[in-house]
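Reviewing the structure listed below.
The values are calculated or read from the model by the stated rules, or taken from the named source; none is laboratory data. It should be emphasised that the depicted structure is a prediction, and the values quoted were computed from it without experimental measurement. Reconstructed Cβ throughout: ideal geometry from the backbone, glycine too, with neighbour counts over all protein chains shown.
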Amino acid sequence: MYAFDYQRASDAQGAVKTLNADPDAKFLAGGQSLLAAMKLRLAQPSTLVDVTRIPALKAVQVDSKVVTVGAAVCHADVAANAQIQATLPALAQLAAGIGDRQVRALGTLGGSLANDDPAADYPAAVLGLNATVVTDRRRIAADDFFLSMYETALEPDELIVAVEFPVPQRAAYEKFFNPASHFALTGVFVAQFGDGSRGVSDVRVAITGAASSVFRSGALEDALKASFTPAAARAVSIAPDELNTDLHASAAYRAHLIPVLAARAVTKALG
């Protein structure tokens, strides 16, 4: 490690002001990715601005239509929140499966989204639920937020304040994870909005861990809009052309996993 300044922000405006004054400064949330990058000299910020003590970023608000989670809320607190468990259980269950106990105790929602690791879990929930990312200056729709590997629509000095998750009719997340890191080798988040039994239904399917960034599957969405059943998901064929091949799995294997995991997610969502 090397020398750097540390500042603890008391509000979002102060945190952003510090980054405006120093282009080499970085926001610090849980530090689960940033500190590891610093140790490897992949990142060398001059100043770390700790945003985890900002009260507004630690708040959780739940009603029947929207679950709003502050950007500095750690994964463990999302998983353990009784209101989230009752209103949007898929989000609580996803948070409970992130990393290990230490990662869940320190890692934050906002930090995960700002980092946009291709194998992270939270991006699948944000995209699958059509969430809105609220920053210190604007509101960003999920479909516009994730751009590419480790790249989002955020400006360099822009701070995520909260995320607003619409409450679906039903939703679930399934992943095939790396046993060492618990990152998603492939993960699928399925959400159905509206009453499918009356023929009024919208379905979103978000996939993480399989490509350079989280993405939606139009083929799975169309199939599940027509029939929200495990069989419909399993019958979809996914092309491996734009999927990742690495030391963990081939693109063809990930393509095979996607409909299998989607079918399991639908089964879980249906209860």
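Listing for the model above:
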read-out	value
Qualifying residue in region 95-113 (condition: closer than 24 Å to K268 by Cβ and touching a Leu at 6+ places or on another chain (Cβ under 7 Å))	no
Of all residues making up region 16-45, the number that are out of contact with any helix residue (DSSP H, G or I) (no Cβ under 9 Å at 6 or more places or on another chain), under 17 Å from N115 (Cβ atoms) and buried (at least 20 other Cβ atoms within 10 Å of the Cβ)	1
Residue match in region 175-197 (condition: at pLDDT 95 or above, surrounded by 20 or more Cβ atoms within 10 Å (Cβ to Cβ) and of a type in the set (K, R))	yes
Candidate set from region 218-263 (those that are of a type in the set (A, V, I, L, M), under 23 Å from the mean Cα position of the chain (by Cα) and assigned to a loop (DSSP other than H, G, I, E, B)); member that is modelled with the lowest pLDDT	A249
Count of region 1-39 residues which are part of a helix (DSSP H, G or I) and modelled with pLDDT of 85 or more	10
Residue that is nearest to G110 (Cα to Cα), among those in region 53-74 that are touching a residue at least 60 places away in the same chain (Cβ under 8 Å) and in a helix (DSSP H, G or I)	L57
Qualifying residue in region 147-160 (condition: assigned to a strand (DSSP E or B), crowded, with 24+ Cβ neighbours inside 10 Å, not assigned by TED's automatic domain parsing to the domain that holds F215 and not aromatic (F, W, Y))	yes
Answer from R8, R41 - the residue that is farther than 18 Å from G111 by Cβ and not hydrophobic (A, V, I, L, M, F, W, C)	R41
Number of the condition not met by A172 [criteria: (1) aliphatic (A, V, I, L, M); (2) under 14 Å from the mean Cα position of the chain (by Cα); (3) loosely packed, with under 15 Cβ neighbours inside 10 Å]	(3)
Single match in D121, D50, D100 (criterion: surrounded by 20 or more Cβ atoms within 10 Å (Cβ to Cβ), among the charged types (D, E, K, R) and in contact (Cβ under 8 Å) with a residue 40 or more places away in the chain)	D121
